[in-house]
Amino acid sequence: MRSIDEESSSHYFSIFTNYPLLSAVLAFTIAQFIKFFTTRYKEKRWDLKRLVGSGGMPSSHSATVTALAMAVGLQEGFGGSLFAIAFILTSIVMYDATGVRLHAGRQAEILNQIVYELPAEHPLAESRPLRELLGHTPPQVIAGGILGTATAVVGYLVTFTAK
C-alpha cells in the first residue's frame, strides 16, 4: 500500500507526462527558436528578445494553442467537451492575432513615427517607443497552426505508438 506522500509526489510529477501540455510547450519553444534564428539570418545579429517576444514568423501563440487542441483531440477524442473548449480557445487566439493585435501593432508603428518627428522641446518627444511587433499576418498564423498540428501529431506518434 502506498502512502499519501508517495501518491501526492507522483501526482505532482504527472505534469511531465501530460501529453497536451508538453505538446503546447514544445510547439511554443520551437516557434520561438525559429524566430530567434530567422532574425539572426535576416538581420545578421542575435536578438535574445526574439526568444520570448511576440510577433513574427511563425506565430508562437497559434502554434501553442493549435498543439494543445490537436493533442487534446488525439488523446481524448474530437467529439468531447475538452476538445470543443480547446478548439474555441484556438479560434479566438488565432483570430485575435490577425485582428486586434495586428492592427494595434500597426497603430504603434504610426504613433512611434509621429513621436519621432516631434520637435525636441515637445513634452512627448522623449517618450519611450511603443512595441510594434504585437500581432501576426495571416501567413504567420497559418504557419504557427501547421507547426502546432505537426508537433502534436509527432508527439502523439512518439508517445502512444511506443506503448
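Per-structure values
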item	result
Residue list for segment 103-141, restricted to those being at pLDDT 75 or above, within 18 Å of the chain's Cα centre (by Cα) and either in a loop (DSSP other than H, G, I, E, B) or at positive phi (or both)	THR137
Near pairs, Cβ below 6 angstrom, 6+ apart or cross-chain, from segment 140-163 (under 13 Å from ALA24 (Cα atoms) and of a type in the set (A, V, I, L, M, F, W, C)) to any residue that is surrounded by 16 or more Cβ atoms within 10 Å (Cβ to Cβ) and modelled with pLDDT under 95	LEU147/ALA31; LEU147/PRO58
Qualifying residue in segment 77-85 (condition: modelled with pLDDT of 80 or more and within 30 Å of ARG106 (Cβ to Cβ))	no
Count of segment 86-102 residues which are farther than 14 Å from HIS136 by Cα, open to solvent by 90 Å² or more (accessible area, probe 1.4 Å) and either touching a helix residue (DSSP H, G or I) at 6+ places or on another chain (Cβ under 8 Å) or at pLDDT below 95 (or both)	1
Residue in segment 23-32 that is modelled with pLDDT under 90 and among the aromatic types (Phe, Trp, Tyr) present	no
Only one of THR66, THR39 that is at pLDDT below 90, part of a helix (DSSP H, G or I), open to solvent by less than 20 Å² (accessible area, probe 1.4 Å) and within 26 Å of ALA97 (Cα to Cα)	THR39
Subset of segment 70-120 [aliphatic (A, V, I, L, M) and farther than 25 Å from LEU26 by Cα]	VAL100, ALA104, ALA108, ILE110, LEU111, ILE114, VAL115, LEU118, ALA120
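The values are calculated or read from the model by the stated rules, or taken from the named source; none is laboratory data. Only a predicted model underlies this, so the values are computations on that prediction, with no experimental measurement involved. Note that each Cβ is placed from the backbone with ideal geometry, even for glycine, and that neighbours are counted across all protein chains shown. Surface accessibility is based on the protein's heavy atoms, side chains included, excluding ligands, DNA and RNA. Shrake-Rupley method; radii C 1.70, N 1.55, O 1.52, S 1.80 Å.
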